[in-house]
Structures are given as structure tokens and as C-alpha cells.
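Note sheet for the following structure.
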Amino acid sequence: MAVWIFLALFWWQDAERAEMLHNEALQLYEKGQAEDGIAAVRQSLAMHRQLGKPAEQALNLRLLAYIHEGIGERQKALAFYEQALAVLRKAQLRDLEAKTIRDVGVLYFNLNENAKAFAYLERALAMQRGTAKPGALALTVFGLGEMRRYQRETAKARLLLDEALQLARAAGDRRTEADALSSRAMLDPQMGQEDLAAALAIRQEMKDIRGEASTRVKLGTKLLGQGAVAPAREELQRSIALFSEAKYRGGEAFARQTLAMLERRAGNLEAAAREMLAAVTLAEGLRQKLSDQDLRATYIGYVQNRYEFLIEVYLELDKGDPRRAFAISERARARAIVEALSEAGVKGGPERATLTAEQVQRDVLDAETTLVEYSLGQERSHLFIVTKGAVQHRLLPGRGTLEAMARQAYAGYRTAGSARPDAAALAKALLPGVSAKRLLVVADGALQYLPFADLTGAAVTLAPSASAVAAQRGAPGFVGKRLAVFADPAAPQLARLAFARMEAEQVLALVPAGERLAAMGAAATPDAVRQNPAAVMHFAAHSVLDTDRPERTEIVLSGGSLRLRDVYGMKLGAELAVLSACQTALGREMKREGLMSLTRAFQQAGVKRVVASLWKVDDRATAELMKHFYTEMFVAKRPAAEALREAQRRLAASRRWAHPFYWAGFVVQGEFL
């Protein structure tokens, strides 16, 4: 009996110590000591695992997620939430599971994954209605209300925030009460001061630094909307100091963005640029902590308005000299793909992640190549034209006008029986004053769907950014077989491509037997691709595009498929991959980061150039196009972009294939030399 009492006392003391560490961790974090807080909660988690207490383990994991999200490490936060959910489901602790599902929803909302965010929160609410205590329910209802507010659904937001406020007060939950008051205050630009004052008093009473900073941002925003510039500036500067003290980089970035908007409104352009540049730098640091490429691109798309702001301010400051604005355009679009190439082992070009105009002129362009780079904005857009000797800027209409024009033209291009789009009118609108032997095009938005080869006589190469071209250029050349062809796979679930084998045989005939590999029919498997990289890799097969779930986009082969994720993980190092299939250049559009497509996956796998298609192509016309393309490349020794342009001219000159539907759909992306 004495031994049992001793063990029970020891167990109780351990449990008490573990709980004390958990509480201490939260206090440390709220004082701005995040690293100490993480160490304390990890100790608590280890003890709770030894004690076999699943609920407490889950609480520890949720706290780790909360702290990591607060310091910008959102990928780690997601991982800890998933661990917590696994523990809770195994222990069948549904109340705490619902709370954790809610927290994951809020995190996805902060990452701009709105569809996932609403799905998680609605699921949590369904689990909690009628069973949860008011405090737990208040947090979920508040989360939904906050999302509705950001979506500008004012009436729905007000109902939800009012309900959250009532629930929080009934539960004595002061933190959620302050959250609801702060958010409700922002529904009406001219009202809400009383709500904000009440929220601020609660934050200060609780010594909630991060919460106080957030409330002061809202107060500064409201004062600015009322024209009180000096008081608004003071509130925003205080919020920046508080966010910095709390080490909450995301909040600090948002506060600096708001201050930048204030300074621009006050006519202080240099101060506006300085604050927004600081906000951009903070956001980029947060994104680098996301290991998932899709989440990185989504998050940076969420803060793209900061880059647009900087472009506008620099153009206003540097009248007649667009170089600083161009550097921001490159910075906005280049980082995700350049980082991805670096992580995949494609290291080359300048060490800087993104290039300045001078570096692009020196390290990327030659005398015969012109770079055209688009930056679409809400009210007006920008075209940067960079040659070896000059950097120019053209103003273009806003995003809505340009994208409507592009989508209308795309509908005509992708349909064989339609009226041919007016290429001259498109060129006048999109390429004013541009003439070159070679064009390197960095498109934006719906312009990425346009076949620029039909708009100009130049050999056209598309790229996600000029910096990405520089990164690819430094990679070593491929050593091995000259050509590998993967064609006419046995895919019983899909109709056979009648001309795929003929296309493959025409291409193979141009290369000596010892320098080529043919994997056709049942031999055209995913393993054959992995095991047989070559300088040129040609795929003649079906592809499946899924823009909602881009990871499911695939090339269908024998015995399986090459999905986007499979290709991302490869180390191919090829000079060229030709994806002779439908819509292989398309994917989910990531604002300023290009398309999440097979093309991008092959580039990350180390392929310098990719030939891919913008629409569902004609099988017979494609075989004809590829015959001419490879003849120009292997026999006439032309670079890929020039070889494709010559092949397209041949088809365009024929009666049978004259409509651009048959030949303009294929584009070269990546390195242009």
C-alpha cells in the first residue's frame, strides 16, 4: 500500500509539473520569449507522453502549433496540428478535436487558402453545435465571422461576430471578447471607436502584447479612414513596436503595410516605399519557413498587393527610370521558382535570389534578345522592356481589361473552327513598340495562356522570371544519351493516340541508334522515365490536367502515371523535355508565381527547357509539327525556340494546318539559348 501511495504521489507531482510547464510556455510566448516557450512546452509534452495522457498531449501539440504560427513557422504549425488530430481521433476526444479542426481552418485562412479554411471551420462548427461549451463555440463562430468580414460579407459577419461576443461573455472568455469587439468595430468605417476602446482595455488588462498590437492596427486604420493622419501614424508605429516585441512577424508586416499606405496618402513617398519594402522582406522571410511549394506560392500571392504598391511608388519617385520598379517586379515573381530550383540542386547564375535590371542585361540577355515582363495591376498594368542597352516602361490597361482580352483570344485559339484571333491587334495592345529576333516573355495572369508566337515574328521563350533563367543557365550540361522517347503507352482507361507511335518513330529516326532510347507501348512506364534521363526527353502520351488539385495533374504512362509530385522529386538534368500531350503548359494559376504545371515540375527537376501545350492539341497536327521541330533542332542545329518557330511557320503556311489551333499551342519555356 505504501509503495502504491508513493507511486501515485510521484505520478501526481509529474502531472502537476507538466501542467505547470504548459502554462509557463504560454506565458513566455506572450511575453515575446517564443524559444523559451517552445522549450517549456516540449518538456511538458514529453512528460505527458510518459504519463499516457492523450488530452494533455494534444493540448501541448496545439500550443506548439500556436507558437510556431505566431513566429511565422506555419508549416511546422500545420504539422503539430496534424499530430494533435491523430492523438485526439485515436482517443476519441471529439470536443478537443473540433477545437483543433477550427484552429487548422484559421491557419489556412492566414495562408489565403480560403476554401480549405471555410471547410475546416464549418466542419468544426457542425461538431460543436449543441454540444460544445460557450467558450469553445465562441472561438469557432468568431473565426467564421472574421473570414466573412475579410470577404466583405458585412451582414453575415455582423451576425456571427455578435453571436461570438455573446458566447465569449457568457463563458468569461476575455480574449475572444476582445477579438470580437475589434473585428466588429471594423465593419463600419465611421463607427466602432467604443468597441476598439473596450478591446484595447481588455488587451492591456491581460498584458496581451500581440493582441494589443493587433487592436492598435485596427484603430490606426479607422483613424486613417477618418482623415486623422497623425493619430493614425502614432497608433501604427506603436503597433509595429509591440509586434516586434512579441516577435510576431506577420502582424508587423501588416502594420508596416498599413503605415506605408498612410505615408503615401500623406505624400511621403520615400517613407511609404521604406515601410512597404520592410513589409515585403518580413513576408518573404515568413514564406521561406513554409516547406510546401504550393503553400509558399499561395502565401506570396496573398501579399502581392505589397509588390504592386512598391512598383507604383517607385515609378512615381523615379520618373523616367523604371529600374527600381522592374527589380520589384522580378522580386515579386522570381523567389518561389528560384528557391525551388535551388532546393532541387539547380544552382547557377548569380548568387542573389532575384536580379536587378543591370544584372539581367549583363547575365541573361544577348544582343538579339529582348525581355518583356508584365505586371498586371488593378487600375493599370506595367510592361517592362529590357534589352542589352536599355530598360523601358509602358503603361497598359488594368488587369480586368487585359485578362478579358486574353481570355477571349484564347477561346479562339484553342478551337479549330473558330474565327482566328486578331494577332496584330493583340500585338499592338500587348507589345507596343517591341521588335526583336528573340523574345523572352515573362507573362502575368491570363496572359500566360496566349501563344505569343502568333503575335510576333520572333522566336519566343516563356519564363516565370528572368532570374529563373539565370538560375537554370548555370547548371551543368547533360552527359549521357542524346534522346529518350516515351510514347504510345498502354493505358487501357484512355483511347489510344493514333499518331503517337508515328510521331515517336519520326523523331527517333533523326538520332543514331547508339545515342537514343525508345520506350514505347508497355515499356513506356514511370520507372523507365526515372531510370533513363537523356539530353532530350520526348513524351507522346495522354495527360490529365487538374487545376483544383494540381498535384493530380499527370502524364499517363504504362502501368501508372507521372504526377506533378513525382516529377518534382526527380533529378533529370535534361537540356530539353518535350511534353507532346494536351494542356501540359497549364495548371493552377498562382498570382505572380506562374502556373503550377507539369512544365514547372520538369524545370524543378533540373530540365533547362520544356516544350509544352496551352490547349488540347490535334494528334495528327502535333505529329507533323514535331517532325519539323526535331528536324530543325537536330539537323539544322537551331536552338529549341527557333526550331519551334520554324516548324510552326511550316504548318501555318499549309492549307490543312493554317489555323493557329493546329500549331500555336506549343510553347518553349525556360532557357532561350
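The values are calculated or read from the model by the stated rules, or taken from the named source; none is laboratory data. As the structure is a computational prediction, the values presented were derived from the model and not from experiment. Every residue, glycine among them, receives a Cβ derived from its backbone with ideal geometry; neighbour counts consider all protein chains shown. SASA here: full protein model, heavy atoms, side chains in, ligands and nucleic acids out. Shrake-Rupley method; radii C 1.70, N 1.55, O 1.52, S 1.80 Å.
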* Structure fact -> Whole-percent carbon and sulfur contribution to the accessible surface of the chain (1.4 Å, no ligands, DNA or RNA) stands at 52 percent
* **Accessible surface of H22 - all protein chains present, 1.4 Å probe, nearest 10 Å²** => 40 Å²
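Pairwise over distinct Cα atoms, reciprocal of the mean inverse distance: report the Kirkwood radius of region 136-282 in Å, one decimal place.
Values: mean 1/r = 0.0645 Å⁻¹.
About 15.5 Å, per the Kirkwood formula over Cα pairs.
With respect to the cross-link table entries K76/K481; K222/K247; K571/K637; K116/K608; K247/K571; K133/K247, which display a Cα-Cα separation exceeding 30 Å? Show your work: numbers first, answer last.
Values: K76/K481 42 Å; K222/K247 24 Å; K571/K637 26 Å; K116/K608 34 Å; K247/K571 38 Å; K133/K247 32 Å.
Among K76/K481; K222/K247; K571/K637; K116/K608; K247/K571; K133/K247, the Cα-Cα distance tops 30 Å for K76/K481; K116/K608; K247/K571; K133/K247.
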* Accessible surface ranking that places the most exposed of V610, V479 first, with a 1.4 angstrom probe -> V479, V610
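Tell me, what is the FRET efficiency for E19 and A490 to the nearest 0.05, using R0 = 45 angstrom and their Cβ-Cβ distance as r?
Numbers: r = 61 Å, r/R0 = 1.36.
Once rounded, the FRET efficiency stands at 0.15.
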* Please work out the Cα center distance from region 246-266 to region 74-127, rounded to the nearest Å. => 29 Å
* To do: With r as the distance between the Cβ atoms of K571 and R620 and R0 = 22 Å, compute the FRET efficiency 1/(1 + (r/R0)^6) and round to 0.05.
  => 0.05
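Let me know the shape class of region 386-513, please: from the alpha-carbon gyration tensor, a ≥ b ≥ c as square roots of the eigenvalues, rounded when a/c is under 1.5, otherwise prolate if a/b is greater than b/c, or oblate. Please list the in-between numbers first.
Numbers: a/c = 2.42, a/b = 1.39, b/c = 1.74.
Oblate, because a/c is 1.5 or more while a/b does not exceed b/c.
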* Loop-resident sites, region 419-467, for trypsin sites (Lys or Arg not before Pro), counting at most 15 other Cβ within 10 Å (DSSP) -> K437
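What GluC sites (Glu not before Pro) in region 351-458 are in a loop by DSSP, with at most 16 other Cβ atoms within 10 Å of the Cβ? All intermediate terms of the calculation are to be shown ahead of the outcome.
On the way: sites: E351, E358, E368, E373, E379, E403; in loops: E351, E368, E379.
Taking region 351-458 and a limit of 16 other Cβ atoms within 10 Å, the loop GluC sites (Glu not before Pro) found are E351, E368, E379.
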* Spherically averaged projected area of the chain from its Cα convex hull (nm²) -> 34.7 nm²
* Exactly which trypsin sites (Lys or Arg not before Pro) in region 106-211 are in a DSSP loop and have at most 11 other Cβ atoms within 10 Å? -> R152, K207
* To do: For K319 paired with A390, estimate the spin-label separation in nm (one decimal), with each label point 7 Å from Cα along the Cα-to-Cβ line.
  => 2.0 nm
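What number, rounded to the nearest 500 deg cm²/dmol, is the helix-based mean residue ellipticity at 222 nm of the chain, given -39500 (n - 2.57) per DSSP H run of at least four residues and division by all its residues? Write down the numbers at each step before the final one.
On the way: 27 runs with 382 residues, N = 673.
It lands at -18500 deg cm²/dmol.
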* To do: Give me the accessible area per residue for region 198-293, probe 1.4 Å, as a whole number in Å².
  => 39 Å²
* With every protein chain present, what is the per residue accessible area of region 73-163 (1.4 Å probe, Å²)? -> 47 Å²
* Label T281 and N110 with points 7 Å out from Cα along Cα→Cβ: what is the distance between them in nm? -> 2.3 nm
* Asked: Taking square-rooted eigenvalues a ≥ b ≥ c of the alpha carbon gyration tensor, is region 432-569 rounded, prolate or oblate, where a/c under 1.5 means rounded and, failing that, a/b exceeding b/c means prolate?
  -> prolate
